[in-house]
Amino acid sequence: MKKILFLILIIPVFAKAQNYTKIEEADKTRYVNTSFYEVKNYTKKTSKKQVVKNIIFLIGDGMGTSQVYSGIIANKGNSYIRTMPVSGFNKTNASDDLITDSAAGATAFSIGEKTYNGAIGLDSSGIAKKTILESAEEKGLSTGLVATCAITHATPASFIAHQPDRNMYEEIAADFLNTDVDIFIGGGRDHFNKRKDGRDLLLELENKGYEVVTTMDSLKFAKGNKVAGLIAPEHQAPIELGRGDMLKTASAFAIKNLKKNKDGFFLMIEGSQIDWGGHDNNVPYIVTEMLDFDQTIGEVLKFAANDGETLVVITADHETGGFAISGGDLNTGIVEGKFTTGNHTGVLVPVFAYGPQAELFSGIMENTDIYAKFMQLLELK
């Protein structure tokens, strides 16, 4: 009797190269924390008259209210995001759909206009618009981007590039040469030096005055005023598979260098893989990425509280997974969850703010309002 072998291919519906997860299916609905951290309240009372010199904008990709609370539960009720004194919500819809993707969501933050899903730094008609990062550069502010994904991925790309399709990674990488961004740290090195057109953008970056580093260890020794940290060929590993404290360390490095500019700086930091945990309907993936993002928030708040002229704003481009907390334990750090989809949803996402003029970010706002407020506070118009 002949034996018949059946081969079943399971193809994920989310973006390529986001297949790091090795957790068994039965474990994806429950997370039990075994590593807790102390939370200090760095926030101080700020005056409404204080001037905003610096803005640090943190984006938790795919981060809805359940994602936020999952991190709080997992650390036994304590988190840095919980210490933020001002909160609100933003409406995430794209110009062509109630459900946005990261490109349209981040572009709304970067150019102040809603656009179609997939667009990078373009309006809904496909016209390139100056981003807030480019406006900050023109005024003489220092600028930076930090992400746990490829730096050419949708969210960071939307602040520096202008392309009709988020998947045009090599074209997006080339756009980095058209700006004077001071520091960018993330993955995506292959889009710079293993290209179809044969260009070596790493060499071009060096010729433009950048110190190019390819590992987190070498980043520690970088001394240049302009640093290109391309620390992975594509995306970086999730926390559960060994990324370590890259986001916190890279963010601290960026702040240390950008703050040297007496005129101020604009820095965008993305916790990229919260989104991927939502796409995978994977509670441990979401929670571990949220805890990493929260500890990065703590590093940012410590600086902002001491500086006194830095506005910190935290939000998301959209929610992913329709994640709901279905059980858990605040005393032991257990989180249980369920999902309604493997894709994005259209729910309101939270906004948190601390520092001078933080009160402007309360209530329900359009995602484009965040851009408008940033431009006003940095006097970029």
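Since every read-out is calculated from the coordinates, none of them should be taken as a lab result. Everything numeric in this text was worked out from a predicted model, so none of it was measured. All Cβ positions, even for glycine, are placed from backbone atoms using ideal geometry, and neighbour counts span all protein chains on display.
FRET efficiency for the residue 44 to residue 256 pair, using the beta carbon distance and R₀ = 25 Å, is estimated at 0.75. Based on alpha-carbon atoms, the Kirkwood radius and the radius of gyration of the chain give Rg/Rh equal to 0.96. For the range 71-220, the convex hull spanned by the alpha carbon atoms encloses 159 Å³ per residue. If the Kirkwood radius is taken over C-alpha pairs of the range 186-240, then at 25 °C and 0.890 mPa s the Stokes-Einstein diffusion coefficient equals 209 µm²/s. Scoring 85-91, 267-273 by mean Cβ neighbours within 10 Å over their residues and listing the highest first yields 267-273, 85-91.
From helices alone, the chain scores -8000 deg cm²/dmol at 222 nm; the rule is -39500 (n - 2.57) for each run of n ≥ 4 DSSP H residues, then divide by the residue total.
The range 316-353 and the range 262-313 have Cα centres spaced 16 Å apart. Which whole-number percent is the relative contact order of the chain (Cα, under 8 Å, 6+ apart)? Over the chain, the number comes to 31 percent. Charge tally for residue 329 (other residues, Cβ to Cβ under 14 Å; Lys, Arg +1; Asp, Glu -1): +1.
With both residues required to sit in the range 205-354, DSSP beta bridges show an antiparallel share near 75%. What the Cα convex hull of the range 152-297 gives, in volume per residue, is 116 Å³.
Each other residue within a Cβ distance under 15 Å of residue 225 adds +1 if Lys or Arg and -1 if Asp or Glu, for a net charge of +1. Using the average count of surrounding beta-carbon atoms within 10 Å as a protection proxy, the listed peptides 140-149, 49-58, 209-218 rank, highest first, as 140-149, 49-58, 209-218. A simple packing score, the average count of other Cβ atoms within 10 Å per residue, orders the peptides 366-376, 31-41, 276-286, 157-167 as 276-286, 157-167, 366-376, 31-41, with the highest score first.
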